[in-house]
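Inspection log for the structure reproduced underneath, given as structure tokens.
The values are calculated or read from the model by the stated rules, or taken from the named source; none is laboratory data. Everything numeric in this text was worked out from a predicted model, so none of it was measured. Heads up, the Cβs are rebuilt from the backbone with ideal geometry, glycines too, and the neighbour counts pull from every protein chain shown.
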Amino acid sequence: MPTIQLEITSGKLAGEGVITAQKKLSQLENVFQDEATRKSMDQDQLIYEVQAYMPVEEGKEGGLYFGNSTIFPGKVNNEYFMTRGHFHTKLDTAEYYWCIQGKGALILMDEEGKTWLEEMTPGSVHYIPGKIAHRVANTGDEKLVFNACWPSEAGHDYATIEKDGFGARLMEVDGKPQLVQNKKEMV
Ligand code: 6PG
Ligand code: NI
């Protein structure tokens, strides 16, 4: 018997040891550019949900974790719903993402703040090298689902992003997603 099951069409994980965490709008203070609009929206709105299978202790070298993330469709003003984004604490650890369902963008940033994106569509596979911050935005009308695999020693550094943000934000401009440079965050 395999350790866990991946439901191939939904990307969902099931089995003993799979943990699930949800992020509601109330938990995403200062993540979106328009904080006033975020506050005025339904705080119980689910923005994203993450499942993880972590068969070895966090921080232990040599293991691999497996995850599923679902980002719901929507926007805060003209900025697409997205994950908080992070560098890995052990900076030079890489990660794979692959898209199962929906449409979106993987937003990547190097340590100098240079920010770019890779489009996510069902079947797209994304190698995120070490030292690269990563965040995912849902640019479609349905949920965006992707799976991930990352090293057990990677950890999550959210503080750097909370402090400095990404170098650009994914906004809807003239009905289309566009990466807009963050003026205050530009070098
Ligand atoms: C990881 C993965 C991934 C990520 C989620 C939620 O390193 O664990 O990149 O599972 O954590 O997609 O995104 P945030 O962790 O940025 O909230
Ligand atoms: Ni990661």
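Observations, loosely collected:
- A single member of Ser10, Ser69, Ser26, Ser40 is buried (at least 18 other Cβ atoms within 10 Å of the Cβ) and hydroxyl-bearing (Ser, Thr, Tyr), and it is Ser69.
- Pair list, Cβ under 8 Å, 6 or more apart: the range 1-19 residue touching a residue at least 60 places away in the same chain (Cβ under 8 Å), other residue loosely packed, with under 11 Cβ neighbours inside 10 Å: Ile4/Glu16
- The strands (runs of 3 or more DSSP E) falling completely within the range 127-181 that include 1 or more residues that are of a type in the set (Phe, Trp, Tyr), under 23 Å from Lys103 (Cβ atoms) and touching a strand residue (DSSP E or B) at 6+ places or on another chain (Cβ under 7 Å) map to 144-151.
- Within the range 51-64, tally of residues that are buried (at least 18 other Cβ atoms within 10 Å of the Cβ) and over 15 Å from the mean Cα position of the chain (by Cα): 1
- Looking across the range 28-73, the residues that are out of contact with any Leu (no Cβ under 9 Å at 6 or more places or on another chain) and among the small types (Gly, Ala, Ser) come down to Ala36, Ser40, Gly59, Gly62, Gly63.
- Filter result (more than 12 Å from ligand 1 (Cβ to nearest atom), assigned to a strand (DSSP E or B) and either free of Cβ contacts under 8 Å to residues at least 40 places away in the same chain or hydroxyl-bearing (Ser, Thr, Tyr) (or both)) within the range 84-125: Thr115, Glu118, Glu119, Val125
- Every residue from the range 143-184 that is of a type in the set (S, T, N, Q), within 16 Å of ligand 2 (Cβ to nearest atom) and closer than 24 Å to Gln27 by Cβ: Asn147, Thr160
- Within this structure, Gly175 fails the test of being surrounded by fewer than 12 Cβ atoms within 10 Å (Cβ to Cβ), in contact with a Cys (Cβ under 8 Å, 6 or more places away or on another chain) and on the phi > 0 side of the Ramachandran plot.
- Residues being of a type in the set (A, V, I, L, M) and more than 14 Å from the chain's Cα centre (by Cα) - total across the range 122-168: 4
- Count - residues of the range 87-136 that are of a type in the set (A, V, I, L, M), within 15 Å of ligand 2 (Cβ to nearest atom) and surrounded by 16 or more Cβ atoms within 10 Å (Cβ to Cβ): 9
- Residue within the range 21-34 that is over 19 Å from Ser10 (Cβ atoms), part of a loop (DSSP other than H, G, I, E, B) and within 13 Å of ligand 1 (Cβ to nearest atom) present: yes
- The set of residues in the range 26-46 that are farther than 21 Å from Lys163 by Cβ and touching a residue at least 24 places away in the same chain (Cβ under 8 Å) comprises Thr37, Met41, Gln45, Leu46.
- Test result for Pro55, modelled with pLDDT of 95 or more, part of a loop (DSSP other than H, G, I, E, B), more than 13 Å from ligand 1 (Cβ to nearest atom) and over 21 Å from Ile4 (Cα atoms): no
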